[in-house]
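Trainee: Below is one structure. I have some questions about it.
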Amino acid sequence: MTLQLRVYVPPHPLIKHWLAVARDAGTPSVLFRSAMTELGRWLTYEAAREWLPTQETTVQSPLDSCPATLIDPTVPVAVVPILRAGLGLLEGAQTVLPLASIYHLGLVRDEETLQPLCYLNKLPKKFQSQTRVLVTDPMLATGGSIMAAMAELTQRGVDPTQVRIISVVAAPPALQKLNDAYPGLIVYTATIDQMVNDRGFIVPGLGDAGDRIFGT
Ligand code: PRP
């Protein structure tokens, strides 16, 4: 069986709505942040399907005992926001995964070369086996940043098939690189845009998400 990168664009009205708000150049930072929070929430909800480990048990209702399914508390869940823009999706992700550990990874692209530079790495030396990892970054453009993040994770024992990436706009160059390096990986994104321009911006995209989130 050949594994292939799977990219899901959930056909959900709330995701479409908040994507439209985020794309609109007239949306002020305060509303853009809300759009990121909502997208983080609903994309994480979608990504949790067949990813969060569960265990079968029995509960006693007021009337009778019945079979039940609970989240397995023994399997660690981690969220890795790629700074800065990935922080915009974090608050919404945390409403869905309130017990997850948060490991910040600060990456910034050199404006000339578009190569990512790591300026903060709070990842643990080693992740426990089977750890579920959610990576948040609203933009997957040339793919340099997400590939750097995936390299950091896999070097620390993360199984790529246990990773879910949530993004808002994903572009073909990034998806192609992920597919070539990590078959079996799964991405949830609000949309796939068709191109990256020569300055490394996704078109039509949503501009610079980090600047729009933080008003810089
Ligand atoms: C943006 C974005 C991604 C990256 C995508 O971050 O948030 O992390 O670029 O581009 P790539 O796929 O070509 O690597 P940026 O470097 O602008 O930093 P910021 O989030 O701090 O604004």
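The values are calculated or read from the model by the stated rules, or taken from the named source; none is laboratory data. In this text the structure is predicted, and so the values were computed from the model without any measurement. Please note: Cβ atoms are built from the backbone with ideal geometry, for glycine as well, and neighbour counts cover all protein chains shown.
Trainee: Which ranges mark the strands (runs of 3 or more DSSP E) fully within region 42-91 that have 2 or more residues being surrounded by 22 or more Cβ atoms within 10 Å (Cβ to Cβ) and not basic (Lys, Arg)?
Mentor: So the answer is 77-83.
Trainee: Out of region 158-190, which residues are surrounded by fewer than 22 Cβ atoms within 10 Å (Cβ to Cβ), within 14 Å of the ligand (Cβ to nearest atom) and of a type in the set (Gly, Ala, Ser)?
Mentor: Selection gives Ala181 alone.
Trainee: So which pairs qualify, if the first residue must be in region 157-177 and more than 8 Å from Thr189 (Cα to Cα) and of a type in the set (D, E, K, R), the second must be assigned to a strand (DSSP E or B) and at pLDDT 95 or above, the Cβ gap must be under 7 Å, and the two must be at least 6 apart or on different chains?
Mentor: These pairs meet every condition: Arg164/Leu134; Arg164/Ile186; Arg164/Tyr188.
Trainee: Okay, next question. Looking at Arg212, Arg199, Arg164, which is the one that is under 22 Å from Ala78 (Cα atoms) and either modelled with pLDDT of 95 or more or of a type in the set (Lys, Arg) (or both)?
Mentor: Arg164
Trainee: Let me ask another. Scan region 122-145 for residues that are more than 15 Å from the ligand (Cβ to nearest atom), touching a residue at least 40 places away in the same chain (Cβ under 8 Å) and hydroxyl-bearing (Ser, Thr, Tyr) and jot them down.
Mentor: Thr131
Trainee: Kindly provide the set of residues from region 22-36 that are crowded, with 18+ Cβ neighbours inside 10 Å and assigned to a helix (DSSP H, G or I), ordered by number.
Mentor: Scanning region 22-36 gives Ala22, Arg23, Phe32, Arg33, Ala35, Met36.
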